[in-house]
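I have placed the structure first, in the form of structure tokens, so that the comments after it can refer back to it.
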Amino acid sequence: MANSVYKVPYPTNESILSYSPGSAEKEAVLANYSKMYNETIEVPMRIGNQNITTEETASMQPPHDHKHKLGVYHKANKAHINKAIDAALQAHISWSQMPWESRAAIFLKAAELIAGPYRAKINASTMLAQSKTIHQAEIDAACEYIDFLRFNVAFMQEIYQNQPESGPGVWNRVSYRPLEGFVYAVSPFNFTAIAGNLSASAAMMGNTVVWKPSDHQVFSANILMKVFQEAGLPDGVINMVFGDPEMITNTVLASKDFAGIHYTGSTEVFKNIWSKIGTNIGHYRSYPKIVGETGGKDFIIAHPSSNPKEVATGIIRGAFEFQGQKCSAASRVYLPESIASDIIDYVKSDLETIKMGSPENFENFVTAVIHKGAFDRLANAIEQVKIDSDAEIIAGGGYDDSKGYFIEPTVVLTSDPQYPTMKKELFGPLVTIYVYPDSAWSETLSLVDETSEYALTGAVFSQDRYALEEALTALENAAGNFYINDKPSGAVVGQQPFGGSRGSGTNDKAGSAANLMRWVSPRLIKETFVPASDYRYPFLG
Ligand code: NAD
């Protein structure tokens with residue numbers, strides 16, 4: 001019988017392994033990469049206690065080698081989705097009553113499995129599925145996901161410990177109930193950690209989940225599901241389904257037991273889902289919780305007092321790591337006239353040293369973009385720049401999809417701060433620079449604030465404290481994650497809770513207690529020890 005107030009292990013951030021030449025971790029990840037590359041697998045859906053295969057399949061291939069088949073995954077029809085909903089509702093009966101420390105133990109075990117026996121597998125699968133370099137896979141699929149699991153367990157306890165005051169003769173208590181119904185998790189391709197976290201954070205708080213990963217992340221999602229199972233997550237708590245996103249979403253949203261959505265992906269899709277929920281609102285048992293982290297058009301603005309080499313490094317790392325396919329990637333840059341050419345020269349000379357190719361070769365800093373749609377979108381943007389008179393390509397601009405979807409890291413210089421690539425999320429290795437007169441610092445801050453519909457991340461570089469103060473105020477609502485003298489990407493769980501507002505999402509800060517609070521419905525319990533026995537108050541005389 002649980003009769004103690006338990007203390008969870010104090011979370012610390014997982015150390016990033018180096019993968020330097022000759023290291024054991026390098027050998028292990030390459031061995032897994034090679035094994036996974038050379039076999040073909042079938043990925044079933046997981047519904048309740050069953051692995052589900054169907055007649056309809058789709059193939060999986062590495063973006064950097066798109067003719068090579070890694071295997072197939074099985075796609076759902078409407079009946080499968082209803083089955084997944086039923087499995088989640090059935091599992092809710094026991095899981096919602098599971099003591100919190102047992103839920104915590106399962107997810108802490110999952111963290112240890114990834115830190116240890118699954119580390120090379122989850123990294124290799126992320127390198128193959130999403131074309132991440134080993135460093136990008138390690139900081140995402142291993143470290144960030146381990147951190148999400150360990151820190152969320154600690155945040156969960158923090159939430160449960162948060163209790164109201166009690167007056168004389170009364171005891172007030174709050175229980176943090178899971179939601180009534182099931183949670184729908186919809187994840188993007190770009191982070192294995194996000195895919196795991198969208199489903200696991202809601203489940204950790206006692207909910208059961210129907211999880212739909214991106215079609216372009218199924219290969220690594222499959223490893224996450226294996227980890228959940230090995231960690232002892234009961235059947236039906238997280239049900240993993242694949243297939244037509246529109247059909248799956250419409251089927252889920254038609255259920256009266258739909259209790260919330262945990263979404264990360266593009267803004268347009270999220271707005272579309274939100275409006276469908278609005279249309280169905282009369283149908284649900286409760287008001288669904290809607291949590292979505294969406295697109296970005298993240299900025300770097302440099303003040304004339306900034307250090308050109310530091311700004312250039314911020315641009316290179318912020319814009320081109322993982323081919324610019326981070327929601328936080330810098331994609332619009334504002335440089336002061338007096339130091340713009342120094343910064344641009346540093347960027348250009350750094351770019352000359354950057355190698356592009358398969359992530360299997362650890363010398364490559366840049367690999368392929370995720371799919372043909374992304375490749376075409378970026379190639380078209382590059383061609384448009386070549387035609388337009390108010391923009392020019394000053395570095396990169398090449399592309400080739402003969403083997404993989406490769407887009408060269410590309411720098412565009414524009415004379416028009418409203419040029420389309422300063423406003424539209426392109427989600428790739430293309431950054432646009434606008435040079436402003438040094439005297440127009442304040443006006444340029446307004447420009448940064450007003451140019452895009454998004455407000456996810458942004459960075460200001462300056463050695464002048466007054467200029468920083470002015471930027472902090474002028475850009476107060478322009479970014480949910482605001483960086484001073486650093487690149488705008490690379491948030492660490494437990495250190496920089498992540499999320500943005502405006503068109504970038506509901507800003508429920510993944511990797512924080514604020515996010516977990518969305519997956520509970522608190523119940524206040526007031527107990528009076530000696531109840532009143534006369535209705536008359538003293539003022540009645
Ligand atoms: P996406 O919008 O194409 O897909 C996201 C998810 O939505 C996938 O699971 C997809 O299958 C599903 N989906 C697609 N169409 C749908 C529809 N009509 N109905 C229901 N679901 C649908 O995004 P992506 O290309 O996988 O990821 C990139 C996007 O995600 C970028 O916009 C990026 O900024 C955003 N993102 C944001 C954050 C953040 O924290 N703010 C983090 C990562 C990615």
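The values are calculated or read from the model by the stated rules, or taken from the named source; none is laboratory data. Since the structure is predicted, the reported quantities are computational estimates derived from the model, not experimental observations. Cβ sites come from the backbone with ideal geometry, for glycine too, and all protein chains shown count toward neighbours.
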Evaluation of Ile194 against (1) farther than 24 Å from Asp508 by Cβ; (2) part of a helix (DSSP H, G or I); (3) in contact (Cβ under 8 Å) with a residue 24 or more places away in the chain; (4) within 16 Å of the ligand (Cβ to nearest atom) (one fails), failing number
(1)
State which residue pairs qualify: first residue assigned by TED's automatic domain parsing to the domain that holds Pro188 and among the β-branched types (Val, Ile, Thr) and inside the stretch 208-221, second residue near the ligand (Cβ under 10 Å from one of its atoms) and outside any loop (DSSP other than H, G, I, E, B) in any location, beta carbons under 8 Å apart, and separation of 6 or more residues or different chains.
Val209/Tyr184; Val209/Ala185; Val210/Tyr184; Val210/Ala185; Val210/Val252
Considering only residues that are under 26 Å from the mean Cα position of the chain (by Cα) and either small (Gly, Ala, Ser) or more than 23 Å from His135 (Cβ to Cβ) (or both), which ones fall in the stretch 9-40?
Pro9, Tyr10, Ser15, Ser18
Output the residue which, of all residues in the stretch 270-293 that are within 29 Å of Leu430 (Cβ to Cβ) and free of Cβ contacts under 8 Å to residues at least 60 places away in the same chain, is nearest to the ligand (Cβ to nearest atom).
Asn272
Which one of the conditions (1) surrounded by 15 or more Cβ atoms within 10 Å (Cβ to Cβ); (2) out of contact with any Leu (no Cβ under 6 Å at 6 or more places or on another chain); (3) in a helix (DSSP H, G or I) does Gly397 fail to meet, given that it meets all the rest?
(3)
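Within the stretch 294-310, is there a residue that is within 27 Å of Glu101 (Cα to Cα), more than 10 Å from the ligand (Cβ to nearest atom), over 19 Å from the mean Cα position of the chain (by Cα) and acidic (Asp, Glu)?
Restricting attention to the stretch 294-310, the residues satisfying the condition of being within 27 Å of Glu101 (Cα to Cα) are none.
Within the stretch 294-310, not a single residue is within 27 Å of Glu101 (Cα to Cα), more than 10 Å from the ligand (Cβ to nearest atom), over 19 Å from the mean Cα position of the chain (by Cα) and acidic (Asp, Glu).
Could you go through the stretch 364-373 and let me know if any residue there is surrounded by 21 or more Cβ atoms within 10 Å (Cβ to Cβ), in a helix (DSSP H, G or I) and either in the same structural domain as Ala478 (by TED's automatic domain parsing) or modelled with pLDDT under 95 (or both).
In the first step, residues of the stretch 364-373 are kept if they are surrounded by 21 or more Cβ atoms within 10 Å (Cβ to Cβ); the result is 365-370.
With the extra rule that they be in a helix (DSSP H, G or I), the set shrinks to none.
No; the residues of the stretch 364-373 include none that is surrounded by 21 or more Cβ atoms within 10 Å (Cβ to Cβ), in a helix (DSSP H, G or I) and either in the same structural domain as Ala478 (by TED's automatic domain parsing) or modelled with pLDDT under 95 (or both).
Quick check on the stretch 207-232: of everything there that is more than 21 Å from Ile370 (Cβ to Cβ) and crowded, with 22+ Cβ neighbours inside 10 Å, which residue is nearest to the ligand (Cβ to nearest atom)? Spell out the reasoning first.
First, pick out the residues of the stretch 207-232 that are more than 21 Å from Ile370 (Cβ to Cβ): 207-210, 226-232.
When the remaining residues are screened for being crowded, with 22+ Cβ neighbours inside 10 Å, the result is 207-210, 227-228.
Values: Asn207: 19, Thr208: 19, Val209: 14, Val210: 12, Val227: 19, Phe228: 18 Å.
Here the residue is Val210.
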List every residue pair whose Cβ atoms sit under 8 Å apart, with the two residues 6 or more apart in sequence or on different chains, where the first one lies in the stretch 81-97 and is within 23 Å of Asn250 (Cβ to Cβ) and the second, anywhere, is part of a helix (DSSP H, G or I).
Ile81/Met247; Ile81/Ile248; Ile81/Thr251; Ile81/Val252; Asn82/Thr251; Ile85/Thr251; Ile85/Val252
Only unsatisfied item for Gln384, checking (1) surrounded by fewer than 18 Cβ atoms within 10 Å (Cβ to Cβ); (2) on the phi > 0 side of the Ramachandran plot; (3) among the polar types (S, T, N, Q), is (2)
